[in-house]
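The values are calculated or read from the model by the stated rules, or taken from the named source; none is laboratory data. This structure is a prediction, so every number in the text was calculated from the model and none was measured. As a convention, Cβ positions derive from the backbone with ideal geometry for all residues, glycine included, and neighbour counts pool all protein chains shown.
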Amino acid sequence: MPEEWHAGFILRRRPWRESSLWLEAFTCDLGKVALLAKGGRRNKKGKGGALQPFQPLLLRWRGKGELLTLISTEALRPAFPLVGTALYCGFYLNELLSRLLKRHDPHPELYACYQNTLDELAQNHDLESCLRKFEVRFLKEIGYSLILDHEVEYGAAIEPTTLYRYDPERGPILDPLGWLHGQTLLALAEGRLESAAVRQEAKRLLRQLIDYRLEGQVLESRMLFRRKKDHDL
């Protein structure tokens, strides 16, 4: 049976032995996979040159198990032209997918969301809102949906001016000493982050929830962005 083609993106790449590349790809139908591109470092204009982040690809491989052997690639369209801050945002998305997705666990809706987010980043749409919306969708896809419409102890509807704290394992809890306003939770639910105060709280909340799932892993993209831009993702 001939090997099948799979639509995907390269999330990470690193040298493997003298001339090959170890790759981590996010595919539409099979989720995250690890691939070995033999001779990929030599072939700058062919297979190796196309194996870059943000390039929509068709990938074909053979083998079984954790590390598959890439045998051919085709570009589906030009790469998303991410530059400046948008480029750092794209690396951040890739690192989230690489660190928190399980291998061979398909997420076709997240794949579509990822493509749409890259497109928005390339067009320099509201970059911060793009990231927050992706983070909310990403957490949902990996099994940690945010509760944004009610507090979890008594089931009361979220009130815009009320203060809460957010328990990563439970959800929002009424807390007069908390820092999280109900307005921010409601704005995240609607995908509309218009005020500076809401944006700042949304960033702080999503960072805490993602860090909790990372279990101590440090995101290199955040550190790089902080050094280059003097602030954080």
Check GLU215, GLU220, GLU194 and return the single one that is of a type outside the set (A, V, I, L, M) and over 17 Å from the mean Cα position of the chain (by Cα). GLU194
Being farther than 10 Å from ALA37 by Cα, hydrophobic (A, V, I, L, M, F, W, C) and at pLDDT 90 or above is the filter here; which residues of the range 1-27 pass it? TRP5, ALA7, PHE9, ILE10, LEU11, ALA25, PHE26
Yes or no: the range 176-188 includes at least one residue that is surrounded by fewer than 17 Cβ atoms within 10 Å (Cβ to Cβ) and among the aromatic types (Phe, Trp, Tyr). yes
Out of GLY171, GLY216, report the one residue that is on the phi > 0 side of the Ramachandran plot and in contact (Cβ under 8 Å) with a residue 12 or more places away in the chain. GLY171
Mind checking which residues of the range 185-214 are β-branched (Val, Ile, Thr) and closer than 16 Å to PHE134 by Cα? ILE210
May I ask you to verify whether ARG60 is among the charged types (D, E, K, R), surrounded by fewer than 19 Cβ atoms within 10 Å (Cβ to Cβ) and modelled with pLDDT of 95 or more? yes
Okay, helices (runs of 4 or more DSSP H) sitting entirely in the range 121-233 with 3 or more residues that are of a type outside the set (A, V, I, L, M) and modelled with pLDDT of 95 or more, I get 127-141, 182-190, 196-214
Some residue of the range 131-140 being over 17 Å from ALA189 (Cα atoms), more than 9 Å from the chain's Cα centre (by Cα) and of a type outside the set (Val, Ile, Thr): no
Could you check how many residues of the range 151-175 are in contact with a Gly (Cβ under 6 Å, 6 or more places away or on another chain) and surrounded by 20 or more Cβ atoms within 10 Å (Cβ to Cβ)? 2
Determine whether LYS133 is over 16 Å from GLN208 (Cα atoms) and of a type in the set (D, E, K, R). no
